[in-house]
Every structure is written in C-alpha cells, then in structure tokens.
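**Q** Dropping the structure in here first, questions after.
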Amino acid sequence: MLTTEQIQFYEKNGYLVAGDIFTPDELNRMEAAYDDILKLRQSKGADVGALWGGNWQKKYPEQKKLLHTHDLQAYSAEWSRVLLHDRFTESIADLMGPNVQLHHTKMFLKPPRFGGAFPMHQDYHYFPHAKDSMMAVVIHLSDSTEEMGCVRVVPGSHKLGVLETFEAKYLNPEEYPAEEATPAVARRGDVLFFSYLTIHGSGMNTSDTIRKTVLVQVRDPADPPLQDVHRSHSQGLMMRGIHPLGNEGTAEATLEDRKRVEVKPKG
Ligand SMILES: O=C(O)CCC(=O)C(=O)O
C-alpha cells in the first residue's frame with residue numbers, strides 16, 4: 001500500500017518511484033521469464049530492435065537500437081501473474097482508483113554502450129482517452145541510473161494538458177530538453193508510475209550494464225478511448241476491481257458502442 005506522502009507526491013508531480021512491491025524471488029522469476037521471451041522472439045526471427053524515428057536522433061549519433069517486445073502476457077504465465085499481482089495492482093489502485101484495466105505491456109532492454117534514447121513526449125498522443133486516467137507503470141528488472149538511461153520526467157507537466165507535438169509525436173527538443181528533465185532513478189524492483197500527460201523521455205545507456213524494464217499501461221475502465229487505435233493482446237483485462245460500464249466504452253467495444261458513451265474530445 002502506498003503512503004499518503006507517496007500519493008500526494010504523485011498528484012503534485014505526475015510521477016512516483018516506489019519500492020517494496022515485488023519480493024526478490026518474484027523478481028528473479030520475472031527476469032528469467034523476460035529473458036526467455038526475448039530469446040524466444042529472437043529465435044523465431046522477430047524484429048525486436050526499436051528506435052524512435054525523427055531528427056532528434058541527430059544529437060545521438062552513436063546510439064544503438066533498443067530491444068523491444070509487446071504483450072509479455074501472450075508469451076509467459078509469469079507475466080500474466082504480474083498483471084494480477086496483489087501488491088502491484090493495489091499500488092496502481094492507490095493512485096488511480098479501485099478499478100484498474102490493462103491497456104498494453106511492453107519490455108525494453110537498453111543495451112550497454114549506447115542503447116537508445118527516447119525523445120521527450122506525452123503518451124497521450126498514442127492512445128487518447130476521454131478522462132486521462134491512463135498511466136504507465138514501469139517495473140525495473142535492473143537498476144536504472146542516469147548513466148544507464150533511466151526515464152526522465154518533467155515534474156508537474158501532467159497539469160499542462162495536451163501539448164502540441166513536433167515531427168513524430170514527440171515534443172520540440174529545443175523547448176523540452178531531455179537533459180533538463182528530472183531523472184527517475186530506480187533500483188531493481190522499483191516501480192515508476194507516471195500519467196500519460198507527464199512529459200517524459202530517457203537518455204542513452206552509456207554504462208556497461210544492461211537496463212531492463214517492463215512497462216504496463218493501465219487505465220480506469222470507465223475512461224473510454226477517443227480513437228480506435230493501439231489495440232493489443234489482453235487489452236481490457238481487469239487487473240483489479242470491476243468494470244462499472246460492462247463492455248461499453250472499452251477497447252473491445254466498437255466505435256459505435258463508444259459513441260454512446262459521453263466523451264469530451266480534446267482540443
Ligand atoms: O523506457 C524508457 O526509457 C522510456 C519509455 C517511454 O518513454 C515510453 O515507452 O513511452
């Protein structure tokens with residue numbers, strides 16, 4: 001359970017790093033399953049390399065691709081279990097409210113010696129929702145220091161609303177320099193929560209150590225999507241609580257269904 005101070009910190013800053021959610025044994029199993037998923041995907045010839053396109057990359061000429069795979073729960077029961085893990089979902093509910101629904105999962109492995117960076121952005125632009133309940137929950141399977149390219153956030157930026165994007169859905173790097181953002185340094189096992197309106201990105205991994213994370217994107221089930229985009233495996237799974245609307249307004253519903261739900265389009 002998160003403390004009142006942690007909840008207040010999240011409300012004020014739009015992000016929070018918290019520990020003591022997973023046990024060392026659980027983390028070992030989660031990491032072993034993470035490694036197995038990546039090996040399996042690579043052995044099947046899947047393209048697991050990712051790097052965000054656009055001119056922002058010119059600043060990082062030496063950067064390598066990240067390794068990346070969506071939908072961990074489609075490959076591993078260990079990761080399906082994480083989605084229903086009591087302390088994990090309880091900590092999300094402490095910040096979001098009692099009902100927590102899955103949007104998608106993805107892993108990132110940032111290789112040592114110049115594993116790729118992320119330009120500063122808001123996740124809103126990838127999957128806009130009516131009530132902005134959407135939150136990223138990043139589970140750290142390794143430490144994540146500044147040198148390792150930890151996530152960086154702009155505290156309080158979730159209160160700025162939806163910002164204009166620049167090139168490929170990121171924010172103007174001149175206006176929002178990654179170096180000036182706050183490093184969300186984390187230790188193995190720590191969980192980073194941030195709103196999909198919080199401005200964030202990350203630097204390259206310039207260290208000799210691999211950075212391993214899994215990002216679980218979650219929402220309140222009563223918060224309908226504004227566009228039919230970014231569907232993924234198990235989307236709509238209830239991770240905690242109940243779905244107060246039934247199917248209506250969820251990713252499984254058709255756009256026609258969603259039109260019946262009162263939504264407030266963003267400007
Ligand atoms: O893991 C990172 O370094 C950043 C991830 C991120 O910004 C995202 O997936 O939106």
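**Q** Out of all the residues in segment 21-58, which are more than 19 Å from the chain's Cα centre (by Cα), open to solvent by 30 Å² or more (accessible area, probe 1.4 Å) and either within 25 Å of residue 196 (Cβ to Cβ) or among the polar types (S, T, N, Q) (or both)?
**A** 23, 28, 42, 43, 54, 55, 57
**Q** Looking at 241, 236, which is the one that is open to solvent by less than 20 Å² (accessible area, probe 1.4 Å), at pLDDT 50 or above and away from the ligand (no atom under 16 Å from the Cβ)?
**A** Answer to the selection: 236.
**Q** Sort out which residues of segment 162-208 are in a strand (DSSP E or B), in contact with a helix residue (DSSP H, G or I) (Cβ under 7 Å, 6 or more places away or on another chain) and either within 10 Å of the ligand (Cβ to nearest atom) or polar (S, T, N, Q) (or both), and write them in order of number.
**A** Kept after step one, since they are in a strand (DSSP E or B), are these residues of segment 162-208: 166, 170, 182-183, 186, 191-195, 200-202, 205.
Of the ones still in play, those that are also in contact with a helix residue (DSSP H, G or I) (Cβ under 7 Å, 6 or more places away or on another chain) are 170, 191, 193, 195, 201.
Residues satisfying the conditions are 170, 195, 201.
**Q** All but one of (1) surrounded by 13 or more Cβ atoms within 10 Å (Cβ to Cβ); (2) in contact with a helix residue (DSSP H, G or I) (Cβ under 9 Å, 6 or more places away or on another chain) hold for residue 65, so report the exception by its number.
**A** The failed condition is (2).
**Q** Do the conditions hold for residue 152, that is, is it of a type outside the set (S, T, N, Q), free of Cβ contacts under 8 Å to residues at least 60 places away in the same chain, buried (at least 22 other Cβ atoms within 10 Å of the Cβ) and near the ligand (Cβ under 10 Å from one of its atoms)? Don't jump to the end; show me each part of the working.
**A** Values: of a type outside the set (S, T, N, Q): yes; free of Cβ contacts under 8 Å to residues at least 60 places away in the same chain: yes; buried (at least 22 other Cβ atoms within 10 Å of the Cβ): yes; near the ligand (Cβ under 10 Å from one of its atoms): yes.
It is true that residue 152 is of a type outside the set (S, T, N, Q), free of Cβ contacts under 8 Å to residues at least 60 places away in the same chain, buried (at least 22 other Cβ atoms within 10 Å of the Cβ) and near the ligand (Cβ under 10 Å from one of its atoms).
**Q** Output the qualifying pairs, or none if there are none: Cβ atoms under 8 angstrom, residues six or more apart or on different chains, first residue in segment 169-180 and closer than 17 Å to residue 124 by Cβ, second residue of a type in the set (Val, Ile, Thr).
**A** 171/165; 171/199; 176/154; 176/199
The values are calculated or read from the model by the stated rules, or taken from the named source; none is laboratory data. Worth saying up front: this structure is predicted, and the values here are computed from it rather than measured. Positions of Cβ are generated from backbone atoms using ideal geometry, with glycine treated the same way; all protein chains shown enter the neighbour counts. Accessible surface is based on the protein model in full, side chains and every heavy atom, while ligands, DNA and RNA are left aside. Shrake-Rupley method; radii C 1.70, N 1.55, O 1.52, S 1.80 Å.
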